[in-house]
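*Asks:* First the structure, then my questions, so here it is.
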Amino acid sequence: MKRQRRRALLYVGAFFTVLVVYTVVYSWAMRTFEGVDRSFLEAFGIVIETFTTTGYGTDSIYWDSVEMQVLVIIMQMTGVVLIFMALPLFVAPWIQEAIRASPPTSMDELDDHIVICGYSPRAETLIDELRSWSRDYVVVVTDREEALDLYEQNVSVVHGDPESAEVLEKVHAGRADTVIADATDEQNASIALAVREVSEDVQIISLVEDADLTNYLNYAGADQVFSPRRLLGHSLAEKVTASVTTDLGETVTIGEDFEIVELSIQDGGEVANTKLAESGIRERTGASIIGLWRRGEFQSSPSPDTVLDESTILLVAGREAQLERLKEMTFSDEHAPIHRSVIVAGYGEVGSTVEEEMQSTAMGTVVVDIEDKPGVDVVGDVTDEAALRDAGVEHANALILALGDDTTTIFATLVAREVAPGVEIVARANETDNIGKLYSAGADYVLALETVSGRMLASTILEDEEVISPDKQVEIVRTTAPRLAGQNLKDAEIRSRTGCTVIAVERNGEVITDLGPEFTIRIDDQLIIAGTDEDTNEFAELAQ
């Protein structure tokens, strides 16, 4: 809109300038070539008649000279050009705006719905989850153009100020299941106060950029305050710690002594560069491969001919001893030198959390940031080779890119991979659309902030779905499957129909992990499944 307004102002200014110039030239030409005096106002009228093609008055009888006729022709051509320029600038946008529907400013009667105040990429992840579970929701945004765009994308949206109690009443926030404040920290506090004017009972969940402000949001009325950046920072640090030691790192516990973990194949490891069928993982460890990641693509049924190289991340399940044995098979001593060091690029909320987590390890940490502030060891741009070399990237075990801009992260990955081909690059992405680009650029592990945020919200809101691992590349969910009751796993064809893998089943308080094709699903069973966000959403649509 700002660009269009600026272009329109430039057009109007140029148009009136041309009118004035032609008025002066016409008055001079009539006096010089035809010997007829015309005042500025009379000449201006003739120029207007020319540009608007409304016809000429008595002046046309005086245009006997070639010079005057050429001037009139040029004026006519200029008028036509200016008219055609006006079509895309004024007429087309006006017609488009006239035929576009206006975004709604209120909603019909709703109960037990979700009100999302503000719209962000993490809201997209949450909305996908809500749709798959057939939950009603409404998004409230302040900007009219944004509301109109969302409305045309079939998003349930209302145009209004979410900080206004009047607007919240129009979306029936008082009868909602949950209100989510997803704007700036200051706006979220105002939203929470406005919600409390409408209802004292409705659940308010707020996201926070600065975790230090959590208490203030609680004071404003928020029941739960999430800091996805802190969780993301913790996860990135844990991934690096696990990659340079033989420890399993942080696992997802399903039942008694049954866990799920992500394991990277390291160059030089026992199973590196072998085919999956020839690796002997199942026979030698007893662990089960749920699926694997290769350059950002998840394969729930990997081919036996898949080569396990350094771009492979296994998602495996088993007992602790089994997983520890598999960890030894994937680990390379080359990744565990005596002097371990990690470079943290970016010292915002995510980067500072990573640095805090690394302090509890034996690894040295070097912090790089473009700003000189407390805690920063090297001041410089990580897209610059010199800054990375100053930080010691050529001798580091890992580089954690905790930057706030995906474009910068992608370029920094390219530079780092060129400078230090052997360093492990663990990257933060803000948007899931950029995960594939980061893997293509050379990242070894990528986790998206919007994915973590959306999963955290969905796990809190949805009663029938518990997201066990919001901070993993693959979503691990505990959920019911009433529509599959009475079917065995073979007939249900869950993997082929949804891409999800059933890892275990919780029945009467007992976790069953030995699941054969003839295992029959019961109405009260809690299925523990793993898959991408899209796959688990498809499972919800199939099973509920």
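The values are calculated or read from the model by the stated rules, or taken from the named source; none is laboratory data. Computed from a predicted structure; not experimentally measured. As a convention, Cβ positions derive from the backbone with ideal geometry for all residues, glycine included, and neighbour counts pool all protein chains shown. Keep in mind that these areas ignore ligands, DNA and RNA; they rest on the heavy atoms of the full protein, side chains included. Shrake-Rupley method; radii C 1.70, N 1.55, O 1.52, S 1.80 Å.
*Asks:* (1) part of a loop (DSSP other than H, G, I, E, B); (2) at pLDDT 90 or above: which one isn't true of Leu414, the others all being true?
*Replies:* Just one mismatch for Leu414, condition (1).
*Asks:* Moving to a separate point now. Working only within the range 212-243, note down all residues that are closer than 26 Å to Leu314 by Cβ and of a type outside the set (Val, Ile, Thr).
*Replies:* Start the filter on the range 212-243 by keeping residues that are closer than 26 Å to Leu314 by Cβ, which leaves 228, 231-243.
Residues satisfying the conditions are Pro228, Leu231, Leu232, Gly233, His234, Ser235, Leu236, Ala237, Glu238, Lys239, Ala242, Ser243.
*Asks:* Any chance you could count how many residues in the range 159-178 are open to solvent by less than 50 Å² (accessible area, probe 1.4 Å) and either at pLDDT below 90 or part of a helix (DSSP H, G or I) (or both)?
*Replies:* 5
*Asks:* Which members of the range 367-382 meet the condition of being open to solvent by 40 Å² or more (accessible area, probe 1.4 Å) and part of a strand (DSSP E or B)?
*Replies:* Val379
*Asks:* A further question on this structure: How many residues does the range 271-293 contain that are open to solvent by 60 Å² or more (accessible area, probe 1.4 Å) and under 21 Å from Pro421 (Cα atoms)? Can you show your working first?
*Replies:* Initial filter on the range 271-293 (open to solvent by 60 Å² or more (accessible area, probe 1.4 Å)): 273, 275, 277-278, 282-284.
Within this subset, residues satisfying the condition of being under 21 Å from Pro421 (Cα atoms) are 273.
Counting residues in the range 271-293 that are open to solvent by 60 Å² or more (accessible area, probe 1.4 Å) and under 21 Å from Pro421 (Cα atoms) gives 1.
*Asks:* While we're here: Out of all the residues in the range 507-528, which are among the basic types (Lys, Arg) and open to solvent by less than 80 Å² (accessible area, probe 1.4 Å)? Explain how you work it out, then say what you get.
*Replies:* Going residue by residue through the range 507-528, those that are among the basic types (Lys, Arg) are 507, 522.
Matches in the range 507-528: Arg507 only.
*Asks:* Here are some residues: Thr361, Thr407. Which one is of a type in the set (S, T, N, Q) and part of a helix (DSSP H, G or I)? Please lay out each step first, then the result.
*Replies:* Working: Thr361 fails: part of a helix (DSSP H, G or I).
Sole residue among the options that is of a type in the set (S, T, N, Q) and part of a helix (DSSP H, G or I): Thr407.
*Asks:* Starting from the range 183-204, take each residue that is assigned to a helix (DSSP H, G or I) and list its partners that are at pLDDT below 90 and of a type in the set (A, V, I, L, M, F, W, C), counting only C-beta distances under 6 angstrom and pairs at least six apart or across chains.
*Replies:* Here the result reads Asp185/Val208; Asp185/Leu213, each pair linking the range 183-204 to a residue that is at pLDDT below 90 and of a type in the set (A, V, I, L, M, F, W, C).
*Asks:* Restricting the search to the range 220-238, which residues are of a type in the set (A, V, I, L, M, F, W, C), buried (at least 24 other Cβ atoms within 10 Å of the Cβ) and in a helix (DSSP H, G or I)?
*Replies:* Leu232, Leu236, Ala237
*Asks:* Identify, by number, the condition in (1) free of Cβ contacts under 8 Å to residues at least 12 places away in the same chain; (2) of a type outside the set (Asp, Glu); (3) buried (at least 22 other Cβ atoms within 10 Å of the Cβ) that Pro421 doesn't meet.
*Replies:* Against the list (1) free of Cβ contacts under 8 Å to residues at least 12 places away in the same chain; (2) of a type outside the set (Asp, Glu); (3) buried (at least 22 other Cβ atoms within 10 Å of the Cβ), Pro421 comes up short only on (3).
*Asks:* Can you tell me which residue in the range 484-506 is nearest to Leu449 (Cα to Cα), limited to those that are loosely packed, with under 14 Cβ neighbours inside 10 Å and among the basic types (Lys, Arg)?
*Replies:* Arg497
*Asks:* Could you tell me which residue of the range 138-158 is surrounded by the most Cβ atoms within 10 Å (Cβ to Cβ), considering only residues that are within 20 Å of Asp111 (Cα to Cα) and in contact (Cβ under 8 Å) with a residue 40 or more places away in the chain?
*Replies:* So the residue we want is Val157.
*Asks:* If I ask for residues that are hydrophobic (A, V, I, L, M, F, W, C), touching a strand residue (DSSP E or B) at 6+ places or on another chain (Cβ under 9 Å) and surrounded by fewer than 24 Cβ atoms within 10 Å (Cβ to Cβ), which ones from the range 404-418 would you list? Walk me through how you get there before you give the answer.
*Replies:* First, the residues of the range 404-418 that are hydrophobic (A, V, I, L, M, F, W, C): 410-412, 414-416.
Within this subset, residues satisfying the condition of being touching a strand residue (DSSP E or B) at 6+ places or on another chain (Cβ under 9 Å) are 410, 412, 416.
Across the range 404-418, the qualifying residue is only Ile410.
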